[in-house]
Amino acid sequence: METVVRPWLGPHHVYGLFNIPEKFVETKGYTLTISARGVLYYCARVGKSLRQSRRVVSVQPGIYLVEQYLPTRVTLWFLINGLLGDLRRPENWGIAFSD
């Protein structure tokens, strides 16, 4: 997992890059979460599979790389509240799958 946080470059410059096993690429829904200091700050449910909602690239057999963008308004909230450093830490991002 890697994060890219460059909000000064405009929209779509804050995102997480996730390595996803093949078995989850077609799962019908997923949730993106961002936590910092033990507190959940952002949770977005997507009711589509990764293949339907995002560009999915195979990086090695059975593993896919997926970009998950963070809305600009959410990025600004992290910035205003002094949590931009927490947003840069990959361990604070999570993605969960469910049918």
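The values are calculated or read from the model by the stated rules, or taken from the named source; none is laboratory data. This is a predicted model, so every value here is computed, not measured. No Cβ is skipped: glycine too gets one built from the backbone with ideal geometry, and neighbour counts run over all protein chains shown. Ligands, DNA and RNA are stripped out before the accessible areas are found, and what is left, the full protein with its side chains, is counted by its heavy atoms. Shrake-Rupley method; radii C 1.70, N 1.55, O 1.52, S 1.80 Å.
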Legend entry - Cα-only radius of gyration and Dmax that characterise the chain, units Å: 13.5, 41
Legend entry - Under 5 Å, built H, 5+ apart or other chain: amide partners of Ala36: Tyr41
Inset, instruction - Collect residues whose amide H, placed 1.01 Å from N in the peptide plane, falls under 5 Å from the amide H of Thr27; neighbours closer than 5 in sequence don't count. - result: Leu50
Inset, instruction - Pop a pseudo-label 7 angstrom from the Cα along the beta-carbon direction at both Val4 and Val74 and give the gap in nm to one decimal. - result: 1.7 nm
Inset, instruction - Using a 1.4 Å probe and ignoring any ligands, DNA or RNA, find the accessible area of Phe24 and quote it in Å² to the nearest 10. - result: 70 Å²
Legend entry - From phi via Karplus (6.51, -1.76, 1.60), per-residue ³J(HN,Hα) for the stretch 84-99 in Hz, x at Gly/Pro: 4, x, 5, 5, 6, 7, x, 5, 8, 9, x, 9, 10, 10, 7, 9
Legend entry - the chain - accessible surface per residue (Å², probe 1.4 Å): 59 Å²
Inset, instruction - Would you please give the residues with an amide H less than 5 Å from that of Val14, counting only those at least 5 places away or on a separate chain, with H modeled from the backbone geometry? - result: Arg6, Leu70
Inset, instruction - For the stretch 24-38, just list the computed ³J(HN,Hα) in residue order, Karplus coefficients 6.51, -1.76 and 1.60, θ = phi - 60°, integers in Hz, with x standing in for Gly and Pro. - result: 9, 5, 9, 4, 6, x, 8, 10, 9, 10, 9, 10, 8, 6, x
Inset, instruction - Read phi for every residue in the stretch 6-16 and hand back ³J(HN,Hα) as whole Hz from Karplus 6.51 cos²θ - 1.76 cosθ + 1.60, θ = phi - 60°, with x for Gly and Pro. - result: 9, x, 5, 8, x, x, 6, 10, 10, 7, x
